[in-house]
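These notes concern the structure reproduced below.
The values are calculated or read from the model by the stated rules, or taken from the named source; none is laboratory data. Predicted, not measured: the structure shown is a model, and the values here were computed from it. When we count neighbours, we look across all protein chains shown, and the Cβ atoms used for this are built from the backbone with ideal geometry, even at glycine.
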Amino acid sequence: MITIRLETPDQRYLLDPDSIIADLTERFPGTRVTVENYHERRRESVRKLVDEYAAKGKQFLIEKRVLEEIEANETRLGPAREISIPLNDQGDEIEGMVAASRVLLQAKVRADFETVRTIADYLNSLTVGQLFVRDDEDQENQRRLKTLSADQQMQLDGGIDFDELLLPPRQREAVECLRKAGVRMSAGIKQGALNFQLGILEMDETDHLWESMRELEPLVKLSIQNTTLTERGLATLAGLPRLNEIHLRNTTTPGWAFRHLTSFPQLTKLWIDEMELDDTALAAIGELHGLRQLRFRDTSLSDAGFRQLAYLQNLSALNLHRVPVNEGLQELAALEQLTFLGLSVMPQVTGEILAMAGQLSRLEGLSLEMATLTDQDLAHLRGLKQLWRMSLHYTGEDSPPRVTAAGIRAFADLPELKQLTLIKVPLNAAGFRELGQLTQLRYLGLNLPGVPTEWFEELKTQLPECHVSWVEPERKQG
């Protein structure tokens, strides 16, 4: 059994389960949540045991102790969900739990090394804990996997220990200063070049760090969380020649300071989580014409500010999660180079957004949570001839099914569509049966409460070349 585990320092709640699941889904389409509440699922198991014992006239003597252990575990781990990551078309999966202080994933079958490395590299890139990877059954594979969780927290191909680096005196001094201050660092060799990645977590004062960071010309990724990032800090870092990725989470930064982002010539990826951005900040972001990937999660934006993003004509991937934008979403139609669009936990998103998305002819990936969804909405997708993966999650109120066979037929006009996930989409019986005609699919993930199990079994027969996966009603309880 292969195990991948990420533990935060002192079991602090430093992880965002929703964000991690979304990122894993982006890397492994078909990833799904199998249990929404890990702790409640365990309590439900105890209740079933109590009932089974009672039916036999016996008492489950350790009930209190087990429930206390579950409660203690809930306090230690924080909110937790169970997930499943597809490994191949044979139905093999990596299963596990994503919590606020721990990620634990296990594969009972031999997992491809590149798959494990992709997961390990991603978890390492969060720079918020210690990663462990092991194979309990294959010692040779264990030696190989051990390189993914070395003490120096390798994050790139060819990861190496800082103590082994031959650095110029000023860079060596800067590295030692930052390490002593508690900055999380990693070094690696990729495509023959030395790369640094830095993470700053929960620091009240950071101005003393920026001069040292300015010496690190090989810096490619900077992650700052729960920390104040001043204008002085960004101004000091301005011009770092190879910095291409910045993650900001719950970071206090004045809007006008964002103008310094334009001084990073290689910046292509920007993630901003749990922040409040004014229109000045968004106007500055709109000037980052080299940006390829942009993500906002749990971040306050105005419609006027969001419209500034229409100038990002080289943007290829945009993720919005719980962002209070309404009319501004229509500006997405101007981003003609988008190949991936994700909108989640945004109740203001309606079927009209599909009309806008249908204009983005380069889209290869689409992930939407919809408050309304009809056959007419789905018809707008017919022009997306390059779309190969799509996830639709219906979040509206309970109502009679409004997606019929006519709506599902729109998917038949998407020749490249290989991966499709439908969550709580209001399908009627004819619409469900129409899924069996989507022979171009290679993965179909379904979470459709109320649909009989035999329907799913029939669907597997209709699509022999497609891995059909569904969440059974009993697995969604608790």
Inside the range 10-55, the number of residues satisfying the requirement of being surrounded by 14 or more Cβ atoms within 10 Å (Cβ to Cβ), out of contact with any Ser or Thr (no Cβ under 8 Å at 6 or more places or on another chain) and hydroxyl-bearing (Ser, Thr, Tyr) is 3
Every listed condition ((1) at pLDDT 85 or above; (2) crowded, with 21+ Cβ neighbours inside 10 Å) holds for GLY129 save (1)
(Q) Being farther than 17 Å from LEU294 by Cβ and without any contact (Cβ under 8 Å) to a residue 40 or more places away in the chain: is that true of ALA355 here? (A) yes
For ASP51, the lone unmet condition from (1) at pLDDT below 90; (2) farther than 30 Å from LEU366 by Cα is (1)
Among THR404, THR453, THR461, THR374, the single one that is closer than 20 Å to VAL33 by Cα, surrounded by fewer than 20 Cβ atoms within 10 Å (Cβ to Cβ) and not acidic (Asp, Glu) is THR453
Of the listed residues (ALA257, ALA238), the one being surrounded by fewer than 18 Cβ atoms within 10 Å (Cβ to Cβ) and more than 19 Å from ARG179 (Cα to Cα) is ALA238
VAL220 meets each of (1) more than 30 Å from LEU368 (Cα to Cα); (2) touching a Ser or Thr at 6+ places or on another chain (Cβ under 9 Å) with one exception, condition (2)
Practice problem: Inspect the range 155-170 for any residue being part of a strand (DSSP E or B) and either over 17 Å from GLN130 (Cβ atoms) or at pLDDT 75 or above (or both) and give the result as yes or no. | Solution: yes
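Could you check how many residues of the range 192-235 are of a type outside the set (D, E, K, R), in contact (Cβ under 8 Å) with a residue 24 or more places away in the chain and surrounded by fewer than 18 Cβ atoms within 10 Å (Cβ to Cβ)? Talk me through it step by step, then tell me what you get.
As a first pass, look at the range 192-235 and keep what is of a type outside the set (D, E, K, R): 192-201, 203, 206, 208-210, 212-213, 216, 218-220, 222-230, 233-235.
Then drop every residue that is not in contact (Cβ under 8 Å) with a residue 24 or more places away in the chain, which leaves 193-201, 203, 206, 208-210, 212-213, 216, 218-220, 222-230, 233-235.
Checking the rest, the ones that are also surrounded by fewer than 18 Cβ atoms within 10 Å (Cβ to Cβ) come to 193, 203, 208, 210, 226, 228, 230, 235.
Count: 8.
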Restrict the check to the range 236-258 and report whether at least one residue is touching a residue at least 12 places away in the same chain (Cβ under 8 Å), in a helix (DSSP H, G or I), closer than 27 Å to PRO169 by Cα and basic (Lys, Arg). no
